[in-house]
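J.: Got a structure for you, questions after.
We did not get these values from a lab; they are worked out from the coordinates using the rules stated. Predicted model only: the values in this text are computed from it and were never measured. Note that each Cβ is placed from the backbone with ideal geometry, even for glycine, and that neighbours are counted across all protein chains shown.
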Amino acid sequence: MLNFKSNIILAPLAGFTDCAFRRLCTDCGAGLTVTEMVSAKGLHYQNANTKILLKTAGESPVSAQIFGNDPHIMAEACQSEALSKFDCIDINMGCPVPKIVKNFEGSALLNDINLAEKVISTCVKSTTKPISVKFRLGFKLDEDICIDFAKMCENAGASFITIHGRTREQYYSGQAKFDNIFKAADSIKIPVFANGDIASIDDYNFIMNNSNVYGVAIGRGALGNPAIFNELLGNPYLDKASLILKHYEYLKANFDEHYISTNLKKHLCYYIDGIDNAKYIRNQIFTSKDIDSAINIAIKAIKENTK
Ligand SMILES: Cc1cc2nc3c(=O)[nH]c(=O)nc-3n(C[C@H](O)[C@H](O)[C@H](O)COP(=O)(O)O)c2cc1C
């Protein structure tokens, strides 16, 4: 069983949860962080981009998320050198993006529970690392198969699961629903993490006080607010300006200038979310001549707003 640092984990967000942000979230109390999804076929063909996605920066525990539908290629990924440094491997069965679904990967596997079972059990048998699964309530708009799917994951040998309380056809619309996630947690023994729209102490307390879930996974709620983990855990946490500077240090230690500039500017727009004139400041960040100026603009705006 994986040694979670806390029961609040960082959900994977493609384009955002690189090793620098994951390290920052770990420092801020995240119980586990996960890479964005990496193609098992991409690993098979040693695609150059997967190398960047699989960088680590001392965050621990850390999981690598893979996607695919071929049990043998998925198992090969679990055994690959590239994933050997990870504490855990997560299988993506929730991605709603058309190009993934069209290949019968990600959330498409919700439509074939037997194949999903085969993928998970083959991965589990291929490695001693814990294998987890992240999935949605179902595929079609109002479908909810999450209890059966959760039982299947447990029977296939998964160590824990994360359930996003929306269906594939919902994408990110509407409110995440937790009723059947709670029932799934009652019907299996492995830890269940609830996911979707959890961004405040009230959301967290509601879930923990009304269910047997082990914990929650937070994605968008951590953007611009990596302190959310310690905040919900009742621990002290750093102010935003210090977090931005720490974020920058972790990026500088791991990535080149071009990557840092495009990536951190996106994050800065989240860090300044909710302050007066956010739209104007966002524009200044994107048009600033270099990343140091963009950081100064964001920090100045945050400080002025908290006076
Ligand atoms: C920009 C973006 C990228 C995402 N990338 C992934 C991914 O790579 N793997 C995955 O399992 N889920 C991915 N998700 C889904 C999130 O992990 C999470 O399930 C979803 O955003 C709901 O949780 P939240 O409301 O806490 O963000 C992504 C979501 C967004 C918005």
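J.: Where the eigenvalues come from the Cα gyration tensor of the chain, what are the semi-axes √(5λ) of the equivalent ellipsoid, largest first, in whole Å?
T.: 32, 22, 17
J.: Do any trypsin sites (Lys or Arg not before Pro) in the range 64-139 lie in a loop, going by DSSP, with at most 11 other beta-carbon atoms within 10 Å of their beta carbon, and if so which?
T.: Of the trypsin sites (Lys or Arg not before Pro), the ones in loops of the range 64-139 whose Cβ has at most 11 other Cβ atoms within 10 Å are Lys85.
J.: Evaluate the relative contact order of the range 39-125 (contact order divided by residue number), counting alpha-carbon pairs under 8 angstrom at least 6 apart; express in whole percent.
T.: It comes to 30 percent, rounded to a whole number.
J.: Now, a different point. For Lys51, give me every one of the aspartates and glutamates with a C-alpha distance below 15 angstrom, ignoring sequence neighbours fewer than eight places off in its own chain.
T.: Within the straight-line cut-off, Lys51 pairs with Asp18, Glu36, Glu81, Asp256.
J.: Taking a ≥ b ≥ c as the square roots of the Cα gyration tensor eigenvalues, with a/c under 1.5 meaning rounded and otherwise prolate when a/b beats b/c, else oblate, which class fits the range 150-251?
T.: Because a/c hits 1.5 or more and a/b exceeds b/c, the range 150-251 counts as prolate.
J.: Which one, Asn210, Thr56, Ile291, is farthest towards the positive end of the dipole of the chain when Lys and Arg carry +1 and Asp and Glu -1 on their Cβ?
T.: Checking the options against the dipole of the chain, the answer is Ile291.
J.: A further question on this structure: Of the options Thr162, Asn180, Gly219, report the single residue whose Cα projects farthest towards the positive end of the charge dipole of the chain (beta-carbon charges: Lys, Arg +1; Asp, Glu -1).
T.: Going by the Cα projections, it comes out as Gly219.
J.: Rank the residues His247, His44 as a footprinting-exposure proxy: fewest other Cβ atoms within 10 Å of their Cβ go first.
T.: By the 10 Å Cβ count, ascending, the order reads His44, His247.
J.: Just want to confirm a number: the relative contact order over the chain, from Cα pairs under 8 angstrom separated by 6+ residues, in percent.
T.: 15
J.: Taking the number of other C-beta atoms within 10 Å as the exposure measure, put Ile147, Ile131 in order starting with the fewest.
T.: Ile147, Ile131
J.: Would you calculate, for the chain, the mean residue ellipticity at 222 nm contributed by helices, counting each DSSP H stretch of 4 or more residues as -39,500 (n - 2.57) and dividing by all residues, to the nearest 500?
T.: Counting only the DSSP helices, I get -12500 deg cm²/dmol.
J.: Averaged over every viewing direction, what's the projected area of the C-alpha convex hull for the range 1-160? Give it in nm², one decimal, please.
T.: So the Cα hull casts an average projection of 8.8 nm².
J.: Something else: Over the range 240-305, how many percent of alpha carbon pairs lie in each 10 Å bin up to the one with the longest distance?
T.: Computed distribution, short to long bins: 23, 59, 18, 1.
J.: When the dipole is taken about the Cα centre of the chain, and only Lys, Arg (+1) and Asp, Glu (-1) are charged at their Cβ, what size is it in debye, to the nearest 20?
T.: 440
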